[in-house]
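Okay, so here's the structure we're looking at.
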Amino acid sequence: MGREKRLYPSILSADFTKLGEECLFLQELGCTHLHVDVMDGQFVPPISFGEPVIRSLRKAVDLFFDVHYMGLHPEYRIDSMAQCGAQSLTIHAETCVHLDAVLQKIHDAGMEAGVALNPATPLQVLDYVMDKLDQVLIMTVNPGYGGQSYLPSMTAKIRALREKLDAAGYGQVPIQVDGGIYASNVQVVLEAGADRIVSGSGVFGGDMKTNYEAFQAILQQYA
Ligand code: DX5
Ligand code: ZN
């Protein structure tokens, strides 16, 4: 775990007919981490992809797999995602009756553990699980779809979370942000205290090399 500023391209916006190829291209550009969005068609309306796709992609690239599970019953995903080669599993607080226990099980399976919060979910749900967090994911759109607009009210939430973690003695816990982030507005979330930047459309839409380099140039200013 670390608070280095880092880009996490979200493969939800990739062209799935050449998923391996596009991810390998990012790896060649110097990318080290991928954000892998799994949706169950229940917690969020769409179904994206699941274990078989992740298992195949694992063979194609040598990148850190940061799985974001937007689904019910996150406990069903723990062993299967670990077996697919996921290094990190982030689950939604809104789906967990036993949040502390689920985070512990993710660690027991050998992965890093993250908690994601929908835009309207208060930060207080984190109060008694801070010792089990490898990251907190602030959704800056309502989960379910790529290509939505950044919710401006999330800037204050990111700032409040940074202050909360610092004040509680968990200043080392990184904040990840996800939704509506492009090289053109990433400075807003970095200034608010975000460390890990997820971007789908902002990386895979248009020229990937240009997009990747534009993000890197800004992230380096905050290193
Ligand atoms: C949305 C997903 C995101 C999504 C972001 O529910 O969690 O990771 O891919 O896409 P953009 O960057 O296009 O908003
Ligand atoms: Zn995501």
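The values are calculated or read from the model by the stated rules, or taken from the named source; none is laboratory data. Everything numeric in this text was worked out from a predicted model, so none of it was measured. Neighbour counts run over all protein chains shown; Cβ positions are idealised from the backbone, glycine included. Surface accessibility is based on the protein's heavy atoms, side chains included, excluding ligands, DNA and RNA. Shrake-Rupley method; radii C 1.70, N 1.55, O 1.52, S 1.80 Å.
Numbers below:
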{"read-out": "DSSP beta bridges in the chain [antiparallel fraction, %, rounded to 5]", "value": "5"}
{"read-out": "Probe 1.4 Å, accessible area per residue of the chain, Å²", "value": "42"}
{"read-out": "Normalised per residue, the volume of the convex hull around the Cα set of the chain (Å³)", "value": "108"}
{"read-out": "Difference of contour (0.36 nm per residue) and Cα-Cα distance, residue 148 to residue 15", "value": "46.1 nm"}
{"read-out": "In nm, spacing of pseudo-spin labels at residue 27 and residue 4 (7 Å Cα→C-beta vector)", "value": "1.8"}
{"read-out": "Extension gain from residue 182 to residue 128, taking 0.36 nm per residue of separation minus the Cα-Cα distance", "value": "16.2 nm"}
{"read-out": "Protein accessible area in the chain, 1.4 Å probe - carbon and sulfur %", "value": "51"}
{"read-out": "Reachable aspartates and glutamates, given that their alpha-carbon falls under 13 Å from the alpha-carbon of residue 105 and they are not under 8 places away in the same chain", "value": "75, 79"}
{"read-out": "Separation of the residue 72 and residue 101 label points, Cα + 7 Å toward Cβ, nm", "value": "1.8"}
{"read-out": "Helix-only [θ]222 nm of the chain, DSSP H runs n ≥ 4, -39500 (n - 2.57) each, per residue, nearest 500", "value": "-10000 deg cm²/dmol"}
{"read-out": "Charge dipole (region 6-221, unit charges on Cβ, about Cα centre) - positive-most of 53, 80, 190", "value": "190"}
{"read-out": "Reduced Cα scattering model of region 134-223, Debye log10 I(q)/I(0), q = 0.15, 0.21 Å⁻¹", "value": "-0.55, -1.01"}
